[in-house]
Amino acid sequence: MNEITAIREGIDAAFVKAYEGFHIKTFRFFLKRVRTHEMAKELTQQTFIKLWSSRHTLVDAYSLDTQLFTIAGSILIDHLRKQAVLNKLHAILNEDRIQEISQQSPSPAIALEKSDYLSVVVSKLPPVRKKVILLKTMHGFSNKEIARELSISVKTVESHVTKALRQIKSLSLFLFTLLSFFFI
């Protein structure tokens with residue numbers, strides 16, 4: 001029985017042998033790319049956990065190290081995407097802090113803490129979309145009334161409402177995911 005088949009069938013000794021044979025190489029792969037010892041260690045651990053949990057997908061046509069580094073590559077991409085989102089969020093928060101200091105207006109973080117969540121999300125909308133959604137939700141205007149008020153077509157109003165609701169939903173999901181990432 002070869003190594004891949006043994007791991008696929010759940011034989012612990014084969015997995016331990018694969019771990020011992022590839023964990024240093026995997027760690028170096030991550031260390032070269034993320035440049036922190038702890039993160040490389042964490043990503044290496046995630047790679048072997050995923051190897052074990054998805055062992056039923058291993059195939060004999062490819063070598064174990066090819067399949068292992070395919071997993072490692074996907075874990076690295078997920079990590080880099082998460083880091084990019086966090087870096088973007090930090091940039092937005094820093095920009096908001098600078099605006100708060102210069103304009104003495106509350107930042108989105110403070111507004112969020114004061115349960116003014118909807119206005120924080122709405123404040124991130126483009127100006128026309130923001131006007132449309134405020135007229136629709138806060139003032140109860142119909143699409144026709146909004147179109148007349150802003151001198152745009154009813155179809156444009158409908159488009160703005162749809163896009164605004166979609167954007168609010170995605171920002172809400174993003175903020176919820178982000179907050180749960182930090183507090184769970």
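Quick note: the coordinates plus some simple rules give every number you see, no bench work behind them. Bear in mind the structure is a predicted one, so any value in this text is a computation, not a measurement. Cβ atoms come from the backbone with ideal geometry, glycine included; neighbour counts cover every protein chain shown.
Remarks
- Taking Lys163, Lys88 and counting other C-beta atoms within 10 Å, the order from fewest to most: Lys88, Lys163
- Applying the Karplus relation 6.51 cos²θ - 1.76 cosθ + 1.60 with θ = phi - 60° to the stretch 31-45 yields 3J(HN,Hα) values of 4, 4, 9, 9, 6, 10, 4, 5, 5, 4, 5, 5, 5, 5, 4 Hz, where x marks Gly and Pro.
- Charge sum, other residues only, whose C-beta stays under 13 Å from Lys82's C-beta, Lys/Arg counted +1 and Asp/Glu -1: 0
- Electrostatic tally near Leu31: other residues with Cβ closer than 12 Å to its Cβ, Lys and Arg +1, Asp and Glu -1, net +4.
- Spacing of the two label points (7 Å from each Cα toward its C-beta) at Arg148 and Thr5, in nm: 7.9 nm
- The ratio of the alpha-carbon radius of gyration of the stretch 1-100 to the globular-protein estimate 2.2 N^0.38 Å is 1.38.
- Estimated distance in nm for a label pair at Ser53 and Asp78, the labels positioned 7 Å out from Cα along Cα-to-Cβ: 0.6 nm
- Extension gain, Lys124-His23: 0.36 nm per intervening residue step, less the Cα-Cα distance, totals 31.9 nm.
- Surrounding net charge for Asn143, when Lys and Arg each add one and Asp and Glu each subtract one, Cβ distance under 15 Å: +4
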